[in-house]
Amino acid sequence: MVLLRRDDIDIGQICDSGQCFRMENMGGGRFSMVAGDHYLEIEQNKKGLLFRCEEETFESIWKDYFDLDTDYQSIRKKIDSGDSYLARAAEFGKGIRILRQDLWEMVITFIISQQNHIKRIRRIIGLLCEKYGERRRCPESSQGDRRFYDTFPGPERLAAAGLEELRECNLGYRARYVKETAEQILKGDVILEEIAGLEYPAAKQELLRCCGVGSKVADCICLFGLHMLQAFPVDTHIRQILALHYPEGFPFDRYQGYEGVFQQYLFYFDLFGEKGGAARDIS
């Protein structure tokens with residue numbers, strides 16, 4: 001077990017922030033999650049964060065995954081004192097961190113996210129993993145009722161799946177996007193390892209070659225799958241925020257290099273702080 005006595009991270013906020021969809025709120029400050037083929041349970045209370053894993057596993061996987069070495073407080077200090085809306089949003093969502101997630105998983109996840117809401121995205125990804133992933137036993141350190149979990153399926157499994165089979169996972173029209181993107185990667189038409197070594201503009205351009213990936217989805221993949229913090233996905237929520245609170249344009253120059261962090265604060269605040277519509281469309 002690893003106990004972190006920190007108050008600058010809120011697992012509940014991260015769970016609901018629209019960047020990861022395999023994290024589950026178990027109640028009572030307890031959360032379970034699957035990242036790639038790894039399973040973890042976390043407890044958060046007044047004492048801090050309890051990671052139910054070996055210290056070696058925490059150091060090699062979860063410390064980096066939760067971006068624990070980045071000083072988000074210093075990022076928030078960049079906020080213009082005259083920008084009361086962004087200041088409120090950042091204060092409201094200050095427990096959010098940008099997770100360092102698997103690139104392949106984020107490609108498929110955000111293809112699925114189009115014209116969708118968080119609850120439904122979770123359900124679809126759960127069905128995909130149950131049907132095409134590998135079943136693994138939860139670590140002995142687990143405390144919940146769950147004994148097994150399913151890994152995220154690789155491109156081989158999704159490329160080999162039939163369209164009707166994929167649609168049974170509630171993918172709808174996105175089934176073709178998922179299958180064809182998996183095929184592109186298997187054929188080498190899109191090489192994720194090479195994309196990971198590119199700068200943000202070039203990486204985004206390459207991701208746009210994936211079937212069903214537009215500008216917003218490519219930015220989500222860059223932000224959450226490549227940890228390119230300058231990516232600033234613009235969905236319906238962000239577009240409305242910009243029109244209402246930044247009619248003369250968002251001050252990107254001031255926040256250069258961290259635009260995506262502020263996007264998350266704005267998105268989360270709009271979702272839960274201002275209007276509280278937890279099941280609203282995130283496209």
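For (1) modelled with pLDDT of 95 or more; (2) basic (Lys, Arg); (3) in a helix (DSSP H, G or I); (4) in contact with a strand residue (DSSP E or B) (Cβ under 9 Å, 6 or more places away or on another chain), each residue gets a yes or a no:
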position	(1), (2), (3), (4)
237	no, no, yes, yes
249	no, no, no, no
260	yes, no, yes, no
263	yes, no, yes, no
266	yes, no, yes, no
273	no, no, yes, no
279	no, no, no, yes
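Do the conditions hold for residue 110, that is, is it more than 16 Å from the chain's Cα centre (by Cα) and of a type in the set (Phe, Trp, Tyr)? First the steps, then the outcome.
Details: more than 16 Å from the chain's Cα centre (by Cα): no; of a type in the set (Phe, Trp, Tyr): yes.
It is false that residue 110 is more than 16 Å from the chain's Cα centre (by Cα) and of a type in the set (Phe, Trp, Tyr).
If you go through the stretch 187-200, how many residues are touching a residue at least 60 places away in the same chain (Cβ under 8 Å) and open to solvent by 80 Å² or more (accessible area, probe 1.4 Å)?
Within the stretch 187-200, the first condition is being touching a residue at least 60 places away in the same chain (Cβ under 8 Å), and the residues that meet it are 192, 195-196.
Filter once more, keeping what is open to solvent by 80 Å² or more (accessible area, probe 1.4 Å): none.
Within the stretch 187-200, residues that are touching a residue at least 60 places away in the same chain (Cβ under 8 Å) and open to solvent by 80 Å² or more (accessible area, probe 1.4 Å) number 0.
Taking the stretch 23-35 on its own, how many of its residues are on the phi > 0 side of the Ramachandran plot and surrounded by 15 or more Cβ atoms within 10 Å (Cβ to Cβ)?
Residues of the stretch 23-35 on the phi > 0 side of the Ramachandran plot: 27-29.
Now narrow it down to the ones that are surrounded by 15 or more Cβ atoms within 10 Å (Cβ to Cβ): 29.
Of the residues in the stretch 23-35, 1 are on the phi > 0 side of the Ramachandran plot and surrounded by 15 or more Cβ atoms within 10 Å (Cβ to Cβ).
Residue by residue through the stretch 1-22, note down the ones that are in contact with a Leu (Cβ under 9 Å, 6 or more places away or on another chain), open to solvent by less than 50 Å² (accessible area, probe 1.4 Å) and under 23 Å from residue 121 (Cα atoms).
Passing the criteria: 11, 14, 17, 18, 19, 20.
Just one of the numbered conditions (1) of a type in the set (S, T, N, Q); (2) assigned to a helix (DSSP H, G or I); (3) open to solvent by 80 Å² or more (accessible area, probe 1.4 Å) is not true of residue 184; which one?
(3)
Give the stretch 61-104 a look and list any residue that's more than 17 Å from residue 49 (Cα to Cα), open to solvent by 60 Å² or more (accessible area, probe 1.4 Å) and not acidic (Asp, Glu), or say none.
Answer for the stretch 61-104, where residues must be more than 17 Å from residue 49 (Cα to Cα), open to solvent by 60 Å² or more (accessible area, probe 1.4 Å) and not acidic (Asp, Glu): 73, 77, 78, 81, 82, 84, 88, 92, 100.
Give me the helices (runs of 4 or more DSSP H) completely within the stretch 76-147, filtered to those with at least 1 residues that are of a type in the set (Gly, Ala, Ser) and under 21 Å from residue 159 (Cβ atoms), ordered by residue number. Explain how you work it out, then say what you get.
On the way: elements: 84-92, 103-112, 118-132.
Helices (runs of 4 or more DSSP H) meeting the threshold: 118-132.
Condition first: of a type in the set (Phe, Trp, Tyr), farther than 30 Å from residue 237 by Cα and more than 12 Å from the chain's Cα centre (by Cα). Can you find one or more residues in the stretch 30-38 that meet it?
Filtering the stretch 30-38 down to residues of a type in the set (Phe, Trp, Tyr) leaves 31.
The next check asks that each one be farther than 30 Å from residue 237 by Cα; those that pass are none.
No: the stretch 30-38 contains no residue that is of a type in the set (Phe, Trp, Tyr), farther than 30 Å from residue 237 by Cα and more than 12 Å from the chain's Cα centre (by Cα).
Among the residues of the stretch 191-232, count how many are touching a Lys or Arg at 6+ places or on another chain (Cβ under 6 Å) and of a type in the set (A, V, I, L, M). I'd like the intermediate steps shown before the answer.
Our first condition is that a residue be touching a Lys or Arg at 6+ places or on another chain (Cβ under 6 Å); within the stretch 191-232, this holds for 218, 222, 227.
With of a type in the set (A, V, I, L, M) added as a condition, the list becomes 218.
Qualifying residue count, the stretch 191-232: 1.
Given 73, 13, which one is in contact with an Asp or Glu (Cβ under 7 Å, 6 or more places away or on another chain) and either outside any strand (DSSP E or B) or closer than 23 Å to residue 226 by Cβ (or both)?
Numbers: 13 fails: in contact with an Asp or Glu (Cβ under 7 Å, 6 or more places away or on another chain).
The conditions single out 73.
Pick out the one residue from 258, 268 that is touching a Gly at 6+ places or on another chain (Cβ under 6 Å) and of a type in the set (Ser, Thr, Tyr). So that I can check it myself, show each step before the final result.
Working: 258 fails: touching a Gly at 6+ places or on another chain (Cβ under 6 Å).
Of 258, 268, the one residue that is touching a Gly at 6+ places or on another chain (Cβ under 6 Å) and of a type in the set (Ser, Thr, Tyr) is 268.
Filter the stretch 201-213 down to residues that are open to solvent by 30 Å² or more (accessible area, probe 1.4 Å) and assigned to a loop (DSSP other than H, G, I, E, B), then give me how many there are.
First, the residues of the stretch 201-213 that are open to solvent by 30 Å² or more (accessible area, probe 1.4 Å): 201-202, 204-206, 208-209.
If we keep only those that are assigned to a loop (DSSP other than H, G, I, E, B) as well, we get 208-209.
So the answer is 2.
Search the stretch 135-177 for residues being of a type in the set (Gly, Ala, Ser) and in contact with a strand residue (DSSP E or B) (Cβ under 7 Å, 6 or more places away or on another chain), and hand back the single one that is modelled with the highest pLDDT.
As a first pass, look at the stretch 135-177 and keep what is of a type in the set (Gly, Ala, Ser): 141-142, 144, 154, 159-162, 172, 175.
Within this subset, residues satisfying the condition of being in contact with a strand residue (DSSP E or B) (Cβ under 7 Å, 6 or more places away or on another chain) are 142, 144.
On the way: 142: 69, 144: 65.
Restricting to residues being of a type in the set (Gly, Ala, Ser) and in contact with a strand residue (DSSP E or B) (Cβ under 7 Å, 6 or more places away or on another chain), the top hit is 142.
Kindly indicate whether any position in the stretch 67-85 is without any contact (Cβ under 8 Å) to a residue 12 or more places away in the chain and within 19 Å of residue 5 (Cβ to Cβ).
yes
Can you pull out every residue in the stretch 214-235 that is open to solvent by less than 50 Å² (accessible area, probe 1.4 Å) and assigned to a helix (DSSP H, G or I)?
Matches in the stretch 214-235: 216, 217, 218, 219, 220, 221, 222, 223, 224, 225.
So which of 255, 246, 200 is under 18 Å from the mean Cα position of the chain (by Cα) and among the hydroxyl-bearing types (Ser, Thr, Tyr)? Lay out the reasoning, then the answer.
On the way: 255 fails: under 18 Å from the mean Cα position of the chain (by Cα); 246 fails: under 18 Å from the mean Cα position of the chain (by Cα).
None of the others qualify; the one that does is 200.
The values are calculated or read from the model by the stated rules, or taken from the named source; none is laboratory data. The structure presented is a predicted model; accordingly, all values stated were derived computationally and were not measured. Backbone-built Cβ (ideal geometry, glycine too); neighbour counts: all protein chains shown. Note: accessible area is taken over every heavy atom of the protein model, side chains too, but ligands, DNA and RNA are not part of it. Shrake-Rupley method; radii C 1.70, N 1.55, O 1.52, S 1.80 Å.
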